[in-house]
1. Of all residues in the range 589-607 being assigned to a helix (DSSP H, G or I) and modelled with pLDDT of 85 or more, which is most open to solvent (accessible area, probe 1.4 Å)?
2. Being of a type outside the set (Lys, Arg) and not in a loop (DSSP other than H, G, I, E, B) is the requirement here; does residue 58 meet it?
3. Is the range 233-254 home to any residue that is in contact with an Asp or Glu (Cβ under 7 Å, 6 or more places away or on another chain) and on the phi < 0 side of the Ramachandran plot?
4. Where residues in the range 380-409 are in a helix (DSSP H, G or I) and open to solvent by 60 Å² or more (accessible area, probe 1.4 Å), which of them is modelled with the highest pLDDT?
5. Just one of the numbered conditions (1) more than 25 Å from the chain's Cα centre (by Cα); (2) surrounded by fewer than 17 Cβ atoms within 10 Å (Cβ to Cβ) is not true of residue 187; which one?
6. Answer yes if at least one residue in the range 361-375 is under 25 Å from residue 270 (Cβ atoms) and at pLDDT 85 or above, and no otherwise.
7. Residues that are open to solvent by less than 60 Å² (accessible area, probe 1.4 Å), over 26 Å from residue 135 (Cα atoms), in a loop (DSSP other than H, G, I, E, B) and modelled with pLDDT under 85: does the range 418-438 have at least one?
8. Go over the candidates 517, 498 one by one and state the one that is open to solvent by 10 Å² or more (accessible area, probe 1.4 Å), more than 26 Å from residue 572 (Cβ to Cβ) and either of a type in the set (S, T, N, Q) or more than 31 Å from the chain's Cα centre (by Cα) (or both).
Amino acid sequence: MIISTKEYPKCRQWGEKVSSMPNIPGGIERHLYVLRDILEKVKENINPEEILTYEGSDSKITLNEACVRLHPMRLVAKTVNGWEVTEESEIWLKSSDDLYLAAFLCANIRFLAEILYYLDTPRKANELKDIAIREYGLIWRTNSSINSRLVWLRQFGLIDFQEFSLLYSITEAGREFLKNVNVVEPSQISKEDDTLKEDNLVIEKWAVDYCTMEQNELSLRRQSIGYIMGNTEDFQNTIVEYLNLIQSGADYDTIKQYAIKHYGVTASSTKTFMNTLVNMDLIKRQTDAVFSLTDIAEMWLETCGIVEFICCVQKNFLFVFEMLNELSSQALGFKELATIGKVSYGLDKVNVDEIRKRITILKKAKLVRNASIDKFVITKRGQMLVGQFNIQERRLQNVGSEETKNIHLTKRDSLFTELRISAKDSMNPDRFEWAIKSAFEALGFKAIRLGGAGKTDVLIHTPGSPKISFSVAIDAKSTSGSSVPDTQIDFDTLEEHRKKHGADYSMVVGCAFQNERLIKRAKEHGVVLMSVDALETLIKRHLEVPIKLSLYRNIFKQSGIADISLVDDDRQKIVYYGKLMRAVMSCLIAESEDPETEGFLFERDIYRSLRDNKEISEPITMESISNMLQFLSSPLVGCVEKTKEGYYATGSLADVARKFSFYSKNCFEDI
């Protein structure tokens, strides 16, 4: 029986789809036969511990293990009494329409229908894998994920394979099939917000009351969400399943055996998961072996609403709605959110795993979405939710505290690590572009990641008036080799990009540049080549001794290999004035104890005292002394006073440091 294409299953949102194909035994050409056999066994209530063996395969798994593998793509469902086939699987079994099954898998699995779309042009498996990684952000370390998809599509008769050329191509049947399934384009993944049309948020009153808290309560919530059994993305169904089990009267031993049988986890993992449910305030312990549901759990089970579940998480754990609030102003990644959670909201360490759990839960509820492959922003639904509640206020760290310094160092080191790794990740060029954007932002430039056909990868410019500012069109070149090859750079295209964006200079950033021909051509075309090592050194030096961004023009206006030493003289001037400030203040403070001068000194007196100072390498002049005294006696610093009798110190070096620390804090207070 042929199922009408109008009855094909509705496609799940990309974020809700699973990444894996049905991993079942059966050799290269018997997947459909084996899948049918497994589903029939489930229907017949065969012992889940029965070993499955099939001709052409050495794999030996139990029926239960097979069901665990088929569960994420919704071919089977789990109940308190065991496994059962889903409605869609039942339709396929009765109709034997394999294209219906193909449509069902495309609706539930990432990058399956998309393969058919890209095979309009014959491609090799590695080419398809590169597209999946580069355009869709799939993390595939090996070829197994793409190969398994190609095997299934071949068995459905939707694609062909030519052994002599290793090329895959779509069949006529595949072209016809493609008209009736949904294909997700890369742009839809990063921009779609399924909640834009929502005008109001429906949420149960009990949930609103439950997570309405004062500031003192908010700061006392738990740090870690803890272990959630099974597939993290399927957490909602897993929790419902165990709550139903507990509600039916199952004791701890029964729950433990159930977890071993259906999830293959250890007794200690089961215990940890039960503690998670206790910490979520969904169950409570009656005795060592008996648990019961809380009132909150019973109310939630009436609807199993995902937003209400998020309220339960917010009530009991730090940095949930607060994370939504942070994502309302800018796109942030896991590491950035982990740092914010520690610095501003009381998480005891920079824990990326805890942030991943929170993001997974919030994405499931469509409260956040991907802004790019590795960054997230709030959705309209998320904005409506967070606007209804009182959330924990950001706490401010002392700018000069050791803890904050350590956080800054951690963030800086993470940036450098990402630069080096992404420069070698040739399968994911977007990653390197984002890292370069972050690197130049760390230097103080305004940076925009553009990318795409006809555009430069990253455009940076100095803040200020267009008359004095300058901009640079940057091309990011990631490569798996030891250096960027000359064949990877099209200098004519670089010039087109520079003109299109009205940039003053062109730059290429890569892991290294050692090819003599490439360096020569860069000089001929007026393009500067900057290695990751040079960029990292530039950032480190800038953080140690900040200079005006306009002075970096000397680096960008050159050509060939970037010479970052061109700003060394400018850095040295800042070092000179720093040492001179210390010397002048020390001189005035020391003079305060002299009974003859009573602490008063003229400019010439200070000059005579400091002109032979060995700590200051450059010559000290009367002009530099005068400029420094005017600066220290200005109302903004106020650590030196000027009278007719000369200058005298009104504070210590520590007072100077505190003034600068205060101004620094105010520069970043709202950032």
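The values are calculated or read from the model by the stated rules, or taken from the named source; none is laboratory data. In this text, all values refer to a predicted model and were calculated from it rather than measured experimentally. For neighbour counting, all protein chains shown are included, and Cβ atoms are generated from backbone atoms with ideal geometry for every residue, glycine included. Side chains included, ligands, DNA and RNA excluded: accessible areas come from the protein's heavy atoms. Shrake-Rupley method; radii C 1.70, N 1.55, O 1.52, S 1.80 Å.
1. Among residues in the range 589-607 that are assigned to a helix (DSSP H, G or I) and modelled with pLDDT of 85 or more, the one most open to solvent (accessible area, probe 1.4 Å) is 604.
2. no
3. For the range 233-254, residues in contact with an Asp or Glu (Cβ under 7 Å, 6 or more places away or on another chain) and on the phi < 0 side of the Ramachandran plot: absent.
4. Residues of the range 380-409 in a helix (DSSP H, G or I): 380-386, 402-409.
Subsequent filtering for residues that are open to solvent by 60 Å² or more (accessible area, probe 1.4 Å) retains 383, 402-403, 405-406, 408-409.
Details: 383: 89, 402: 43, 403: 43, 405: 43, 406: 44, 408: 49, 409: 47.
Here the answer is 383.
5. Tallying (1) more than 25 Å from the chain's Cα centre (by Cα); (2) surrounded by fewer than 17 Cβ atoms within 10 Å (Cβ to Cβ), residue 187 fails exactly one: (1).
6. Checking the range 361-375: at least one residue is under 25 Å from residue 270 (Cβ atoms) and at pLDDT 85 or above.
7. Looking for residues that are open to solvent by less than 60 Å² (accessible area, probe 1.4 Å), over 26 Å from residue 135 (Cα atoms), in a loop (DSSP other than H, G, I, E, B) and modelled with pLDDT under 85, one finds none in the range 418-438, hence no.
8. 517
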